[in-house]
1. Using a 1.4 angstrom probe on heavy atoms only, work out the carbon and sulfur share of the accessible area of the stretch 1-40 in %.
2. List the residues, sorted by chain then number, that are 5 or more residues from F157 or on another chain and whose placed amide H is less than 5 Å from its amide H.
3. Kindly write out, for the stretch 198-207 in residue order, the coupling ³J(HN,Hα) from the Karplus curve 6.51 cos²θ - 1.76 cosθ + 1.60 (θ = phi - 60°), rounded to whole Hz, with x marking Gly and Pro.
4. With a/c under 1.5 counting as rounded, go ahead and sort the stretch 193-239 into rounded, prolate or oblate using the C-alpha gyration tensor (a ≥ b ≥ c being the square roots of the eigenvalues; past the cut-off, prolate if a/b is larger than b/c, else oblate).
5. Roughly what % of DSSP beta bridges within the chain run antiparallel, to the nearest 5?
6. Using the Cα centre of the stretch 99-222 as origin and beta-carbon charges of +1 (Lys, Arg) and -1 (Asp, Glu), tell me which of V219, S107, T161 is placed farthest towards the positive end of the dipole.
7. Can you give the Rg to Rh ratio for the stretch 1-105, taking only C-alpha atoms and Rh from Kirkwood?
8. So if the hydrodynamic radius of the chain is defined as the Kirkwood radius over C-alpha pairs, what does Stokes-Einstein give as its diffusion coefficient at 37 °C and 0.692 mPa s, in µm² per second?
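The values are calculated or read from the model by the stated rules, or taken from the named source; none is laboratory data. Everything numeric in this text was worked out from a predicted model, so none of it was measured. Neighbour counts run over all protein chains shown; Cβ positions are idealised from the backbone, glycine included. Side chains included, ligands, DNA and RNA excluded: accessible areas come from the protein's heavy atoms. Shrake-Rupley method; radii C 1.70, N 1.55, O 1.52, S 1.80 Å.
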Amino acid sequence: MQFAVIGNPIAHSLSPILHNCAFKALGIAGFYGRYLLEKDTSFYFLRSLHLKGANITVPFKEIAFQSCDEVFGVAREIGAVNTIVFDKGKMLGYNTDALGFYQCVESLNPKNALIIGAGGSAKAIACILNTKRIPPTIINRSAARLEAFKSFECATFENFTPKIPYDLIINTTPAGLTDSSLPMDSAVLAPLLKASKFAFDLVYGKQTPFLNLAKSLNVTHSDGKQMLINQAILAFEIFMESQNISINQETLRHSMQNIL
Ligand code: NDP
């Protein structure tokens, strides 16, 4: 029983570690690999890999959505799929990023949120926050991608003079991942962070300038590691359910939680 994460680039992905660790802990004969898909390859090619399921990462989440025979849950609203199950020749799509994120912040009971960035993950987060009645505001450095948020009824900004404080400030951009940049002007960001309750960066495995700024202002903050683990647990549950394999939730959680 084989699964894989598919993206480009893919060498850095931690998903194989998480899923293989779960297989081992649960005593299930499964294997989870990684697959580098060339950017111009037709997504239908995946059907020939004889996988039972797959996770999809940058830059294929939207194309995965379009290529699925059926899409379930919040993935339909987001228009992006990060989890696929192959079932009797059909490709079924789900999105576990959105709930994986929400599980990280739900205990904070935020009243509102500011999302910096307007890419695929921003869409997933805006969508789940809307569903949970936590109004998101989106700010992006350029206008084009903000168009997609009109259907979510979010306030969107390219240039921004904040009028209200935000409980949650979420960086969904890769700013600071390979450089020392902030995702937006520090003169605007610093007062916003200071007035917030929690700063969340989707980037994981690195203390970004965004998180450093939050730390210097004594704002509670977190990187994206827990979101990564949460979305992997949810995806693993979908994979096993598709194979009619019942699993011990506690063992699954424990195995993924403690490996990274
Ligand atoms: P996308 O490429 O879809 O979107 C990136 C967004 O960030 C765009 O709106 C882009 O603006 C903006 N942006 C890019 N660089 C900068 C910069 N230097 N300064 C300001 N804005 C910038 O990416 P995704 O949404 O798919 O992923 C974003 C990040 O989140 C990645 O680092 C990814 O690894 C991480 N991620 C983490 C997850 C986790 O589980 N922890 C899950 C999913 C993603 P523009 O429109 O102008 O190009």
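1. Details: 1140 of 2000 Å².
C and S atoms contribute 57 percent here.
2. I138, I139, N140
3. Couplings: 7, 10, 10, 10, 6, 5, 10, x, 8, 7 Hz.
4. On the way: a/c = 4.86, a/b = 2.47, b/c = 1.97.
Prolate, because a/c is 1.5 or more and a/b exceeds b/c.
5. Working: 8 of 37 bridges.
If I count the DSSP bridges inside the chain, around 20 percent turn out antiparallel.
6. Positive-most Cα among the choices belongs to S107.
7. Details: Rg = 13.4 Å, Rh = 14.1 Å.
We get a ratio of 0.95 for the stretch 1-105.
8. Numbers: Rh = 18.9 Å.
It comes out at roughly 173 µm²/s.
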